[in-house]
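Structure, as structure tokens:
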Amino acid sequence: MNTSPPSVARRRLVGAIAQFAALLPVATVWRPAQGAPLAATPQCGRDAPTAAQTEGPYFKPRSPGRTSLLEAGIDGVRLLLQGQVLTTSCKPVAGALLDLWHADAEGRYDNEGFRLRGHVFTDAQGRYRMETVLPGMYPGRTRHIHVKAQPPGGRMLTTQLYFPNEPGNRRDGLFDPRLLVALDRSAATPQATFDFVLREP
Ligand SMILES: [Fe+2]
């Protein structure tokens, strides 16, 4: 007969569960965190444009205009990147250019052609959408998407977007939490939302 008080028995049970959980293998397949709070997207109206970041070594000019980077032979978790381009005073920027490039699921860039490279323009409400796959990681870098954003006739912003709850974020010296997308995994295709805030032209 177990004579332990209920609180002691419960503590023992919790301890046993924690020990068991520690023995479980770490998942190697990316899955968005269950029930994790969504990261806040940058706010306009506070004179705080989206932070700039280095272009890195893999930018290629003259990417194709398209709303989907998916094509034959591209594997990985599908992702819809979407959001708005706004000025610091919260006005939508129509016709803004967003040029994106990122590594494939294995962390490789296509430096010969234009796989996983493309650009879109925002609509009348400043909105954009780009269908792609979740970028893979490569040595020294956490998951990220490179972006160049430019209002019509205005200055180009070069930056990078990051994903929440990625262990690699803590190890990447370029990671900036202000550049986290808000990730919604409830849809069939996970949706990453990020609003770019650009200086007034
Ligand atoms: Fe990169």
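The values are calculated or read from the model by the stated rules, or taken from the named source; none is laboratory data. None of the values given here were measured: they were computed from a predicted structure. Here the Cβ positions follow ideal geometry from the backbone for every residue, glycine too, while neighbour counts run over all protein chains shown. All accessible areas refer to the heavy atoms of the entire protein, side chains included, with ligands and DNA or RNA removed. Shrake-Rupley method; radii C 1.70, N 1.55, O 1.52, S 1.80 Å.
In this structure, does ASN169 turn out to be open to solvent by 10 Å² or more (accessible area, probe 1.4 Å), within 12 Å of the chain's Cα centre (by Cα) and either within 15 Å of the ligand (Cβ to nearest atom) or under 16 Å from PRO64 (Cβ atoms) (or both)?
yes
Of all residues in region 151-163, which are under 19 Å from GLY56 (Cα atoms) and surrounded by 21 or more Cβ atoms within 10 Å (Cβ to Cβ)? Walk me through it before giving the result.
Pass one, region 151-163, residues under 19 Å from GLY56 (Cα atoms): 155-163.
The answer is LEU157, THR159, GLN160, LEU161, TYR162, PHE163.
For residues that are open to solvent by less than 20 Å² (accessible area, probe 1.4 Å) and not in a strand (DSSP E or B), scanning just region 89-112, find the one that is farthest from the ligand (Cβ to nearest atom).
Residue satisfying both the conditions and the ranking: VAL93.
Specify the residue that is most open to solvent (accessible area, probe 1.4 Å); the eligible residues are those in region 60-87 that are under 18 Å from the mean Cα position of the chain (by Cα) and within 16 Å of the ligand (Cβ to nearest atom).
Among residues in region 60-87 that are under 18 Å from the mean Cα position of the chain (by Cα) and within 16 Å of the ligand (Cβ to nearest atom), the one most open to solvent (accessible area, probe 1.4 Å) is GLY76.
Residue pairs, Cβ under 7 Å, 6 or more apart or interchain, first in region 118-134 and on the phi > 0 side of the Ramachandran plot, second in a loop (DSSP other than H, G, I, E, B) and among the acidic types (Asp, Glu). List them.
none
Kindly check whether there is at least one residue in region 40-53 that is within 15 Å of the ligand (Cβ to nearest atom), within 16 Å of the chain's Cα centre (by Cα), in a loop (DSSP other than H, G, I, E, B) and surrounded by 15 or more Cβ atoms within 10 Å (Cβ to Cβ).
Checked region 40-53: at least one residue is within 15 Å of the ligand (Cβ to nearest atom), within 16 Å of the chain's Cα centre (by Cα), in a loop (DSSP other than H, G, I, E, B) and surrounded by 15 or more Cβ atoms within 10 Å (Cβ to Cβ).
Would you be able to tell me the number of residues in region 113-122 that are hydrophobic (A, V, I, L, M, F, W, C) and open to solvent by 20 Å² or more (accessible area, probe 1.4 Å)?
Of the residues in that region, 2 qualify.
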